[in-house]
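The values are calculated or read from the model by the stated rules, or taken from the named source; none is laboratory data. Bear in mind the structure is a predicted one, so any value in this text is a computation, not a measurement. Positions of Cβ are generated from backbone atoms using ideal geometry, with glycine treated the same way; all protein chains shown enter the neighbour counts. We work out accessible area using only protein heavy atoms, side chains counted, and drop any ligands, DNA or RNA first. Shrake-Rupley method; radii C 1.70, N 1.55, O 1.52, S 1.80 Å.
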Amino acid sequence: MDAPIIEIFSSIQGEGLLIGERQIFVRLAGCNLNCTYCDTKNSQSANVGTMMSVNQVLEKIEELSTPDLGSISYTGGEPMLHADFISELIKKTETKSLLETNGTLPKELTKLEDLDWASMDIKLPEHFDNTWSDKILENEISFIKLLIEQDTKLYCKLVVLPSTKISTVEKVLKHISSEISGHMEIPLIIQPASPLELWEGNTDKLFQFSEVAGKYMKVYTIPQIHKFLNIE
Ligand SMILES: C[S@@+](CC[C@H](N)C(=O)[O-])C[C@H]1O[C@@H](n2cnc3c(N)ncnc32)[C@H](O)[C@@H]1O
Ligand SMILES: Nc1nc2[nH]cc(C(=O)O)c2c(=O)[nH]1
Ligand code: SF4
Ligand SMILES: [Mg+2]
């Protein structure tokens, strides 16, 4: 079995609850969404990257392993487009696994019952040109329910822009909370969109996002630290 791999690299996790942990990132190509803010545009086409086998990826992971390695992060693009491939890798590695996903392919999640951690984005309608569908949110809610059912540790991420409406955040999180009973226990990382220059003079909005989100989930506001450190 092969999959299109954009890059495999060792870095420090720059986002979310595992922030600061040494990780090996496996970035798979292709995405089924087109978020306006995406900082990984080159990964959206399935035709980029190099076709690699599971064993070739395992060899690269071995090569990049260091004593401080905490986890292997499967990202993209949208890695759930390659769930069978990731399932094979998880089965053949001891290290903790983290999935970085947009949560829109819940049917594929049944293939990853051994997944340790998932970071699932909650996408907002205003972050798409004209390609938003309510199905995106419906699938993300199913994805959260399935992660809870299969005991995968979960945190959600919400990328915000200074222009993101507070009312949109409230509407989406209210809907998710009406569908997920343990919503207050789910960590939600408010992630300011990079480039961080966007936030000069706009940081008051971050407090407003935190206050509205804190009504529905356990909220943390954390920028991408790899962008500060200028590491991959
Ligand atoms: C490149 S995506 C790949 C995984 C998956 N497709 C997703 O969107 O969750 C990895 C993470 O980077 C975040 N991200 C992408 N562009 C960003 C930006 N300009 N600023 C902050 N976070 C960004 C995404 O929201 C997601 O949490
Ligand atoms: N250092 C670092 N941390 C990350 N966390 C999520 C990333 C991603 O692109 O999925 C990422 C990334 O690209 N680099
Ligand atoms: S889902 Fe993830 S990879 Fe795809 S466009 Fe959005 S941020 Fe980029
Ligand atoms: Mg990245």
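Hey, can you find the accessible area per residue of segment 2-229 for me, probe 1.4 Å, expressed in square angstrom?
Here the per-residue accessible area is 45 Å².
Restricting attention to segment 1-96, which trypsin sites (Lys or Arg not before Pro) occupy a DSSP loop and are surrounded by at most 13 other Cβ atoms within 10 Å?
Loop-located and lightly packed - Lys92.
Once the piece of chain linking Asn34 and Asp151 is laid out straight, how much longer is it, given 0.36 nm per residue of separation minus the C-alpha distance between them?
39.2 nm
Sticking to Cα atoms, compute the Rg of segment 33-135 to one decimal and its Dmax as the biggest Cα-Cα distance, whole number, in Å.
14.9, 46
If you take every DSSP beta bridge fully contained in segment 1-149, what fraction is antiparallel? Give it as a percent rounded to 5.
Of all bridge pairs located within segment 1-149, approximately 45 percent are antiparallel.
Using a 1.4 Å probe on the protein heavy atoms, what percent of the accessible area of segment 1-81 belongs to carbon and sulfur?
49 percent
Mind checking the full-extension length gain between Lys171 and Thr110? Use 0.36 nm per residue of separation minus the Cα-Cα distance, one decimal, nm.
Contour length minus Cα-Cα distance gives 19.1 nm.
Can you tell me the 0 to 90 degree angle between the C-alpha axis of helix 204-213 and the longest principal axis of the chain, rounded to 10?
80 degrees
Counting only the heavy atoms of the protein chains, how much of His175 is accessible to a 1.4 Å probe, in Å² to the nearest 10?
Around 80 Å² of this residue is reachable by solvent.
Scan segment 161-223 for trypsin sites (Lys or Arg not before Pro) in coil per DSSP, keeping those whose Cβ has at most 16 other Cβ atoms within 10 Å, and list them by number.
Qualifying residues, ordered by number: Lys165, Lys215.
Tally Lys and Arg at +1 and Asp and Glu at -1 over the other residues with C-beta under 11 Å from the C-beta of Ile180: what net charge comes out?
-2
In the structure displayed, which of Lys123/Lys205; Lys96/Lys205; Lys60/Lys123 lie more than 29 Å apart, Cα to Cα?
Over 29 Å apart, Cα to Cα: Lys96/Lys205; Lys60/Lys123.
Could you bin all the Cα-Cα distances of segment 1-72 into 5 Å bins starting at 0 and give me the percent of pairs in each, rounded to whole numbers?
Histogramming segment 1-72 at 5 Å steps yields 3, 16, 22, 20, 21, 14, 4, 0 percent.
Which order do the peptides 124-131, 62-69 take when ranked by the mean count of other beta-carbon atoms within 10 Å per residue, highest first?
124-131, 62-69
Contact order normalised by length for the chain, with contacts defined as Cα pairs under 8 Å and 6 or more residues apart; what percent is it?
17 percent
Quickly estimate the mean residue ellipticity at 222 nm for the chain, helices only: each DSSP H run with n ≥ 4 gives -39500 (n - 2.57), and the total goes over all residues, rounded to 500.
Value at 222 nm, helices only, nearest 500: -8500 deg cm²/dmol.
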